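The values are calculated or read from the model by the stated rules, or taken from the named source; none is laboratory data. Just so we're clear, the structure is a prediction, and the values are computed from it rather than from any experiment. As a convention, Cβ positions derive from the backbone with ideal geometry for all residues, glycine included, and neighbour counts pool all protein chains shown.
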Amino acid sequence: MEKERLESGLNENRRKFLSKMSLGLGSVALGSLLIPDLFDGKSQLDTDKLMASLPHFAPKAKRVIYLFQNGAPSQLESFDYKPMLNERIGEELPDSIRKGQRLTGMTAGQSSFPLVGSYHGFSQYGQSGAWVSDLFPYTAKIVDELCIVKSMHTEAINHDPALTFFQTGAQVGNRPSMG
């Protein structure tokens with residue numbers, strides 16, 4: 001009994017140690033990303049290099065409004081213009097796209113996987129030339145004031161794991177979330 005209690009206490013201490021250690025390593029990694037020369041072995045930071053790594057303008061954003069619109073219109077109906085997809089509407093989904101992924105519960109009974117494009121037109125707006133769907137005429141007027149992120153990618157083929165990945169950076173749950 002005493003031995004089991006001692007081993008349990010040691011395991012708990014190991015967990016605490018590793019947990020705190022991961023926070024420390026994460027801080028070191030973040031520091032090295034923000035200031036690349038921070039850990040180069042020099043005894044004193046070169047202030048010129050430090051100043052050069054900082055933005056050349058004063059930050060102006062006082063607040064950030066983070067909207068995660070689960071169930072919002074598809075990217076294909078908003079800001080992601082895909083002219084080739086529209087040209088190929090009705091064609092069968094190429095195997096190079098699916099790459100052998102398993103079928104979802106919703107598509108398990110399907111024998112055909114036709115391509116579907118946008119049902120609405122797109123035009124370029126603003127100085128940035130961003131493509132905006134005809135569904136958003138008022139948003140198109142202020143498109144240069146928006147930040148449109150198009151680099152998100154996940155291997156998940158179902159919505160829930162993809163949403164979890166978007167919020168936490170992992171497809172499995174129980175991770176800290178951004179929103």
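Answer yes if at least one residue in the stretch 38-49 is at pLDDT below 70, over 21 Å from residue 120 (Cβ atoms), in contact with a Gly (Cβ under 7 Å, 6 or more places away or on another chain) and assigned to a loop (DSSP other than H, G, I, E, B), and no otherwise. Checking the stretch 38-49: at least one residue is at pLDDT below 70, over 21 Å from residue 120 (Cβ atoms), in contact with a Gly (Cβ under 7 Å, 6 or more places away or on another chain) and assigned to a loop (DSSP other than H, G, I, E, B). Of the residues screened, residue 134 is one that is touching a strand residue (DSSP E or B) at 6+ places or on another chain (Cβ under 9 Å) and charged (D, E, K, R).
Consider the stretch 94-127 and keep the residues that are among the aliphatic types (A, V, I, L, M) and either surrounded by 12 or more Cβ atoms within 10 Å (Cβ to Cβ) or closer than 30 Å to residue 146 by Cβ (or both). The one that is modelled with the lowest pLDDT is 103. Residue count for the stretch 126-175 satisfying the condition of being assigned to a loop (DSSP other than H, G, I, E, B), farther than 18 Å from residue 82 by Cα and under 14 Å from the mean Cα position of the chain (by Cα): 7. Within the stretch 75-93, take every residue that is in a loop (DSSP other than H, G, I, E, B) and over 18 Å from residue 137 (Cβ atoms) and give me the one that is modelled with the lowest pLDDT. Looking at residues that are in a loop (DSSP other than H, G, I, E, B) and over 18 Å from residue 137 (Cβ atoms), I get 93.
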